[in-house]
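S.K.: Quick one: the structure is below, and I'll ask about it shortly.
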Amino acid sequence: MLAETMIAAARRAGADQADALTVRGQSVSIDMRNRTLEHAERAEGVEIGLRVLIGGRQACVSTSEHSPATIADMAERAVAMAKEAPVDDTLGLADPDQLASMREATSLQIADDRPDPQPDHLQQLALRAEAAALDQPGITQVESANAAFSRREVWLATSNGFSGGYGRSTHVISAVAITGEGLGMERDYAAESRIWADDLPEPEEIGRLAARRTLERAGSRKPPTGAFPILYDRRVAASLIGHLLSAVNGAAVARGSSWLRDALGTAVLPKGMDLVEDPHRLRYPSSRPFDAEGLATAKRSIVADGILQGWTLDLATGRKLGMDSTASAARGISSPPSPSISNVILTPGGQSRDQLIADMGRGLVVTSMLGSSINGTTGDYSRGAAGFWVENGQIAYPVNECTIAGNLRDMLMTLIAANDALPWRGSEVPSLLVEGMTVAGA
């Protein structure tokens, strides 16, 4: 195993502790436009990364070359770099009795066991998505229709005795449709991603959805300015929960740069609302049997009945805060572990999206956002948005070029959830109604 070879090289070079990661990947992506091949890309390769620890110091190195001479050289270079790094007494591998016993992921079904799709098959999927979009009256062109597949195999080895790995596959179909011309042009998209090809919707469904979303955007204009309720459509609602998850990340809390740094054990969501992380959901995109430090992952409650239950921690941030790791470490080939979230589920509400729109009376439905100004310390929030204006409880017209603003702590406490969350997402979050935000439009 390459990872174990790197560990041995690190120990020979003088490292006290080490962990190594290997990633073997392959991918194929096909883009169609005007019913002809626009772009085809295929990539494959192996990358290796090594982290060494010496007396509270650490360094990471990586390469795509894995000859014995290269591995020996990278180990020596990593040790030399670590000796020059600042001391952090919280750094260090897990105790051996903390390590996961499950060291593969067959039971999680996160790798499609069917043969990999061939490029001509992906081309046909993209063509079908494009044709379905172009068949809708009012669609002037399809900017792109894409079908892609990737497979990754990850292996982690550590000097404290852990060695394990798993594979992961991803199938994707997407389409971007356009209506109108010049300044009246509008575009929107639809995309779906699955671990298993059998779980993907038909490409025609994706193409038609891209077209419908685009046609609904025709004639967009600025909304009025003022304080209004805002409904975050399920397409973008997960971003709100993402801000909460960032604020409970142990790295931000340990730095004192989180707007929820003093909120442990207090209400951060409305009563009755739960936010759960489940790394063991079958066929889900972020499922994993162990984290990047070899600790066993498990289902846990982040928020229960609106009350914040705990931070998201790896070993180092846990030690900084005097807590145990939540087995949430993630890392790249050339970076050290840091806390990260896998699959999360927010409690759905009892009303449909349309019922929430009817209850709004007058306000904004947000379906897309761009740019952001988020103050991680105070929670002040401002983003560009587009979507639909609501009058008398009904969608009146599409809007663009507006800004929405508020404070995340206040916004999250007013949430009302719909019952329309979609499966297969790493964040299973329904549409969310927020009271009293500021809209800057016309």
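The values are calculated or read from the model by the stated rules, or taken from the named source; none is laboratory data. On a predicted model such as this, the values are computed, not experimentally measured, just so you know. Don't worry about glycine lacking a Cβ; one is built from the backbone with ideal geometry, like all the others, and counts go over all protein chains shown. Note: areas computed on protein heavy atoms with side chains; ligands, DNA, RNA excluded. Shrake-Rupley method; radii C 1.70, N 1.55, O 1.52, S 1.80 Å.
S.K.: Counting only heavy atoms of protein chains, what accessible area per residue, in Å², does the chain have with a probe of 1.4 Å?
M.R.: In whole numbers, the chain has 43 Å² accessible per residue.
S.K.: Here is a further query. Mind checking which of GLY45, GLY25, GLY318 has the largest fluctuation in a GNM of the chain, springs on alpha carbons under 10 Å?
M.R.: Of the options given, GLY45 has the highest mean-square fluctuation.
S.K.: If we count every other residue with Cβ under 10 angstrom of ALA10's Cβ, Lys/Arg +1 and Asp/Glu -1, where does the sum land?
M.R.: Local charge sum for ALA10: 0.
S.K.: Taking the full set of protein chains and a 1.4 angstrom probe, give the accessible area of MET1 in square angstrom, rounded to the nearest 10.
M.R.: Its accessible surface works out to 130 Å², give or take rounding.
S.K.: Calculate how many DSSP beta bridges within the chain are antiparallel, expressed in % of all such bridges and rounded to the nearest 5. Walk me through the numbers before you get to the answer.
M.R.: Details: 108 of 116 bridges.
If I count the DSSP bridges inside the chain, around 95 percent turn out antiparallel.
S.K.: Of the cross-linked pairs LYS83/LYS299; LYS83/LYS320; LYS271/LYS299, which ones have a Cα-Cα span greater than 27 Å in the structure shown?
M.R.: With Cα atoms farther than 27 Å apart: LYS83/LYS299.
S.K.: How many percent of the accessible area of the chain is carbon or sulfur, using a 1.4 Å probe?
M.R.: Reported share for carbon and sulfur atoms: 48 percent.
S.K.: Moving on to the next point. Which order do HIS66, HIS243 take by accessible area at a 1.4 Å probe, largest first?
M.R.: Reading off the accessible areas and sorting them downward yields HIS66, HIS243.
S.K.: So, one more: Given a Förster radius of 22 Å and the C-beta distance between ARG77 and ARG11 as r, what FRET efficiency does 1/(1 + (r/R0)^6) yield to the nearest 0.05?
M.R.: Between ARG77 and ARG11 the formula returns 0.90.
S.K.: I've got another one for you. The stretch 238-278: which trypsin sites (Lys or Arg not before Pro) are DSSP loop and have at most 11 other beta-carbon atoms within 10 angstrom?
M.R.: LYS271
S.K.: Another question, if that's okay. Does the stretch 195-279 come out rounded, prolate or oblate, given a ≥ b ≥ c as the square roots of the eigenvalues of its C-alpha gyration tensor, rounded meaning a/c under 1.5 and, failing that, prolate meaning a/b above b/c?
M.R.: The shape class here is oblate.
S.K.: Right, next: Which of the listed residues, PRO398, ALA133, GLY436, is farthest toward the dipole's positive end in the chain, when Lys, Arg count +1 and Asp, Glu count -1 at the beta-carbon?
M.R.: GLY436
S.K.: Would you mind classifying the chain by shape? Square roots of the alpha carbon gyration tensor eigenvalues, ordered a ≥ b ≥ c; an a/c under 1.5 is rounded, otherwise it is prolate if a/b is larger than b/c and oblate if not.
M.R.: oblate
S.K.: Hey, in the GNM for the chain with a 10 angstrom Cα cutoff, which one of ASP262, ASP274, ASP291 fluctuates hardest?
M.R.: Highest fluctuation of the listed residues: ASP262.
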